[in-house]
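What follows is a set of notes on a single structure, which appears directly below.
The values are calculated or read from the model by the stated rules, or taken from the named source; none is laboratory data. Model, not experiment: these values are computed from the prediction. Cβ placement follows ideal geometry from the backbone for every residue including glycine, while neighbour counts extend to all protein chains displayed. When the accessible area is computed, the model is the full protein with side chains, heavy atoms only, and any ligands, DNA or RNA have been set aside. Shrake-Rupley method; radii C 1.70, N 1.55, O 1.52, S 1.80 Å.
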Amino acid sequence: MTEHIAIVGGGTGGTVLANTLAEKLDAELAAGEVEITLFNDSGDHVYKPVWLYVAFGQREPADGRRPLREVVDNRVTIRQDSVVDVDHERKELELVDAIDPAPYDKLVVATGAQLEPERVPGLAEGGHHFYGEDGSQALRDELLEMNGGHIVLSVVGTPHMCPAAPLEFTFMVDDWLRERGRRDAFDITYTYPIMRVHGNEHIAEWADPRLRERDIAIETMFNAEAVDPDAETITSMEGTELDYDLLVAIPPHTGSDFVESAGLGDGGWVDVDKHTLEATGFDDVYAIGDAAQTGVPKAGSAAHYQAHVVAQRLASEVRGQPATAVYGGKTVCFIETGMDDATFVEFDYERPPEPSEPSRAMHWSKLAYNESYWLTARGLL
């Protein structure tokens, strides 16, 4: 009897998992004992970190997108459809475009995170962001048109994808303006919703003085409540109001509606055991990447490492062996500190991040990884 492994979501986590499983279960796939199906609502695989560089004219939108079939092993079946619900008793997935449900024996949720700027009145109309293809292009055009004014980077929603990205944009826009001899014509303000500049205290301690030495104003404990696009102001719940000429916001994020409808967790995030990545209260269900509530940042590297752990666990289960692989919280991250230098952090559940001294070499290492990402997703690196 064929064992059906269903993966919902074709982002970094889902793609790396599918490709890793195809390698680990090569003999079982060839014998027809296992079938791996990747469900995705789009025919493309998107590498989201590229959008930050599009905003500064360093990359083109096409650099962040490839046909999913090009990056997924041919032994994996791809179904372009949206999964909207799960019958946990019958082990079936309800799809938008299919009459019959899709069966599964093992299910992995890798549905990622979505932007919801509409949660803050006026934000969708008055703010820009670099968390998508259209948003990053619009932000690029706006930056090129500005001759001066006040740029506000406001972290509105937490948790959010790539926690270092707000700092990266702020450091990069400062440097970008200096390279063009225009920095004196601009004020830059960075806001964060708690009493420090980043959710991780070690990153915050490292970043705070570097923001200040670049004459970047800091507003902590700034929880955005509303944006007035006509007056060009953003107001916090604490009563602070900032005027802006360009508002670059990190919008509120939510998980997948599918997670809610399937009863797997609140807010679209799946409750999991942070070591095994098994969904709490459900048999034969895992979650990885941004969708999983593990306590680590919503970063692509975390999804990558989690995918390898779940692939090993699933391969063991398929073969009737004990699943022993565990995830220790490993996350790695390059942080751009300007247009030509960057730092690097590596941490896990036990070890906090310790940013390295920024360097041009680290910046080029990040760019090299961005170029090689497609090989990584394919399982070739």
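Out of the residues in segment 197-229 that are without any contact (Cβ under 8 Å) to a residue 60 or more places away in the chain, part of a strand (DSSP E or B) and of a type in the set (A, V, I, L, M), state the one that is least open to solvent (accessible area, probe 1.4 Å).
ILE218
Does ARG59 fit the bill of being surrounded by fewer than 18 Cβ atoms within 10 Å (Cβ to Cβ) and either of a type outside the set (Ser, Thr, Tyr) or not assigned by the TED database to the domain that holds GLY13 (or both)?
No, not satisfied.
Could you tell me whether ASP73 is in contact with a helix residue (DSSP H, G or I) (Cβ under 6 Å, 6 or more places away or on another chain), over 30 Å from LEU52 (Cα atoms) and not aromatic (Phe, Trp, Tyr)?
Taking the combined requirement at face value, the residue does not satisfy it.
List the residue pairs whose Cβ atoms are under 7 Å apart, where the first residue sits in segment 250-268 and is of a type in the set (Val, Ile, Thr), the second is open to solvent by 20 Å² or more (accessible area, probe 1.4 Å), and the two are 6 or more positions apart or on different chains.
So the pair list comes out as ILE250/HIS129; ILE250/VAL156; THR254/GLN114; THR254/GLU116; THR254/GLY267; VAL259/THR111; VAL259/TRP269.
What is the one condition in (1) farther than 17 Å from ALA307 by Cα; (2) open to solvent by 10 Å² or more (accessible area, probe 1.4 Å) that LYS24 does not satisfy?
(1)
Based on this model, can you work out whether GLU70 counts as open to solvent by 60 Å² or more (accessible area, probe 1.4 Å), under 17 Å from ALA377 (Cα atoms) and charged (D, E, K, R)?
It is true that GLU70 is open to solvent by 60 Å² or more (accessible area, probe 1.4 Å), under 17 Å from ALA377 (Cα atoms) and charged (D, E, K, R).
Quick check on my filter: what residues within segment 343-381 are among the acidic types (Asp, Glu), at pLDDT 90 or above and surrounded by fewer than 12 Cβ atoms within 10 Å (Cβ to Cβ)?
GLU350, GLU357
List the residue pairs whose Cβ atoms are under 6 Å apart, where the first residue sits in segment 303-315 and is in the same structural domain as ALA22 (by the TED database) and closer than 11 Å to TYR327 by Cα, the second is assigned to a helix (DSSP H, G or I) and of a type in the set (Gly, Ala, Ser), and the two are 6 or more positions apart or on different chains.
Correct list of pairs: ALA303/GLY13; ALA303/GLY289; ALA307/GLY13.
Just the residues that are aliphatic (A, V, I, L, M) and either assigned to a helix (DSSP H, G or I) or crowded, with 16+ Cβ neighbours inside 10 Å (or both), please, taken from segment 27-51.
ALA27, LEU29, ALA30, VAL34, ILE36, LEU38, VAL46, VAL50
In a loop (DSSP other than H, G, I, E, B) and either within 13 Å of ALA55 (Cα to Cα) or under 19 Å from the mean Cα position of the chain (by Cα) (or both): is that true of THR170 in this structure?
No; evaluated as a whole, the condition is false for this residue.
Looking only at segment 297-330, which residues are crowded, with 23+ Cβ neighbours inside 10 Å and of a type in the set (Val, Ile, Thr)?
Across segment 297-330, the qualifying residue is only VAL310.
Within segment 83-105, is even one residue open to solvent by 60 Å² or more (accessible area, probe 1.4 Å) and under 25 Å from ALA299 (Cα atoms)?
no
If the Cβ limit is 6 Å and pairs must be 6+ apart or interchain, which residue in segment 232-244 that is open to solvent by 50 Å² or more (accessible area, probe 1.4 Å) pairs with which residue that is outside any loop (DSSP other than H, G, I, E, B)?
MET237/GLU225; GLU241/THR233; GLU241/THR235; ASP243/THR233
I'm checking my understanding of the structure. Among residues of segment 112-123 that are touching a residue at least 60 places away in the same chain (Cβ under 8 Å) and open to solvent by 20 Å² or more (accessible area, probe 1.4 Å), which one is farthest from ALA302 (Cα to Cα)?
Going through the qualifying residues, I end up with PRO121.
In segment 266-292, what count of residues is obtained for those that are open to solvent by less than 10 Å² (accessible area, probe 1.4 Å), at pLDDT 90 or above and not aliphatic (A, V, I, L, M)?
1
Taking LEU167 as the residue in question, decide whether it is under 15 Å from ILE216 (Cβ atoms) and free of Cβ contacts under 8 Å to residues at least 12 places away in the same chain.
Criteria not met by LEU167.
Report yes if VAL54 is over 30 Å from THR337 (Cβ atoms), buried (at least 22 other Cβ atoms within 10 Å of the Cβ) and modelled with pLDDT of 95 or more, otherwise no.
Considered against the rule, which asks whether it is over 30 Å from THR337 (Cβ atoms), buried (at least 22 other Cβ atoms within 10 Å of the Cβ) and modelled with pLDDT of 95 or more, VAL54 comes out as no.
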